[in-house]
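The values are calculated or read from the model by the stated rules, or taken from the named source; none is laboratory data. Please read these numbers as outputs of a predicted model, since none were measured by experiment. Methodologically, a virtual Cβ is constructed for each residue, glycine included, from the backbone with ideal geometry; neighbour enumeration extends over all protein chains shown.
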Amino acid sequence: MLYLKAANLADIEKEYPFVRNMPRDENGMTNPWHGVSRDEFNEALNTMISSSRGENLPMGHVPETFYFLWHDDEIVGQFRIRHYLCDSLREGAGHIGYFIAKPFRGKGYATEGLRLTLQEAMHIIPEDEIYLRVNRDNSASLRVMLKNGGYVHHEDTDKYFVRIRKGEPK
Ligand SMILES: CC(C)(COP(=O)(O)OP(=O)(O)OC[C@H]1O[C@@H](n2cnc3c(N)ncnc32)[C@H](O)[C@@H]1OP(=O)(O)O)[C@@H](O)C(=O)NCCC(=O)NCCS
């Protein structure tokens, strides 16, 4: 069974290796905790959990919920929802980011994970449209967005800016 679960303390032993092994930055999906030690991860996980509550945010950051995509008892991906737009998100990374671990790519996990994340986002995000951004050379991610009802709102030399209208049937 495929499901999303917000970052939580009970799953720490599975969350830890997943986050440690996620690259620091792949196609703009960043991970400040790449390579952390198990001890450091306690604080990292607390940061993720408090971020979803809007607590202890770095200056200028909006609340962000970190979800893991689980297939049965295994984590295959991470999805993030930034709760609302600020100027930098509106012009930049938008509301949602995602990552699927390499061994699990090409099996439809991102497509299904984004569908599940959009269901969550509908209850969190106040704007009428969900904003996403993707590098022009990341065809797989663009495809994932388009399959979830996205359309290219505008583009620049190296990015597509995609939006998904809330309430569109998926
Ligand atoms: C991009 C990413 C999320 C895709 O995850 P995934 O689980 O492999 O994606 P899916 O299997 O759900 O779907 C990929 C789709 O792209 C297509 N695709 C894959 N490689 C492609 C390519 N080079 N060109 C065009 N389409 C491609 C697949 O065929 C599939 O479409 P289909 O179902 O119509 O056949 C994953 O590669 C990843 O985590 N990359 C690193 C982080 C990242 O790029 N995040 C997104 C930032 S915007």
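A few comments on the model shown:
- Once region 27-55 is narrowed to residues that are of a type outside the set (Gly, Ala, Ser) and within 16 Å of the ligand (Cβ to nearest atom), the residue that is surrounded by the most Cβ atoms within 10 Å (Cβ to Cβ) is 31.
- The residues of region 56-112 that are in contact with a strand residue (DSSP E or B) (Cβ under 9 Å, 6 or more places away or on another chain) and away from the ligand (no atom under 16 Å from the Cβ), listed by number, are 57, 61, 62, 63, 65, 72, 83, 85, 90.
- Search result, residues across region 138-156 that are in contact with a Lys or Arg (Cβ under 8 Å, 6 or more places away or on another chain) and over 22 Å from residue 108 (Cβ atoms): 153, 155
- The set of residues in region 70-110 being within 10 Å of the chain's Cα centre (by Cα) and either in contact (Cβ under 8 Å) with a residue 40 or more places away in the chain or part of a loop (DSSP other than H, G, I, E, B) (or both) consists of 78, 79, 81, 95, 97, 98, 99.
- Yes/no for residue 149 being away from the ligand (no atom under 13 Å from the Cβ) and either of a type outside the set (A, V, I, L, M, F, W, C) or modelled with pLDDT under 95 (or both): yes
- Residue match in region 30-38 (condition: out of contact with any Lys or Arg (no Cβ under 8 Å at 6 or more places or on another chain), without any contact (Cβ under 8 Å) to a residue 24 or more places away in the chain and not small (Gly, Ala, Ser)): yes
- Checklist (1) without any contact (Cβ under 8 Å) to a residue 12 or more places away in the chain; (2) under 16 Å from residue 81 (Cα atoms); (3) of a type in the set (A, V, I, L, M, F, W, C) applied to residue 59, failing item: (2)
- The residues of region 126-144 that are surrounded by 13 or more Cβ atoms within 10 Å (Cβ to Cβ) and not in a loop (DSSP other than H, G, I, E, B), listed by number, are 129, 130, 131, 132, 133, 134, 135, 140, 141, 142, 143, 144.
- Of all residues making up region 61-115, the number that are touching a Leu at 6+ places or on another chain (Cβ under 8 Å) and either surrounded by fewer than 16 Cβ atoms within 10 Å (Cβ to Cβ) or of a type outside the set (A, V, I, L, M, F, W, C) (or both): 13
- Within region 1-22, being exposed (fewer than 14 other Cβ atoms within 10 Å of the Cβ), within 16 Å of the ligand (Cβ to nearest atom) and more than 17 Å from residue 81 (Cα to Cα) holds for one residue alone: 21.
- Single match in 115, 165 (criterion: basic (Lys, Arg) and either within 17 Å of the chain's Cα centre (by Cα) or within 15 Å of the ligand (Cβ to nearest atom) (or both)): 115
- Scanning region 44-69 for residues that are of a type outside the set (Val, Ile, Thr), within 28 Å of residue 104 (Cα to Cα) and touching a Phe, Trp or Tyr at 6+ places or on another chain (Cβ under 9 Å) turns up 44, 45, 48, 51, 52, 66, 67, 68, 69.
- For first residues located in region 113-141 and among the basic types (Lys, Arg), partners that are more than 16 Å from the ligand (Cβ to nearest atom) and lie 6+ apart or on another chain with Cβ distances below 9 Å form the pairs 136/157.
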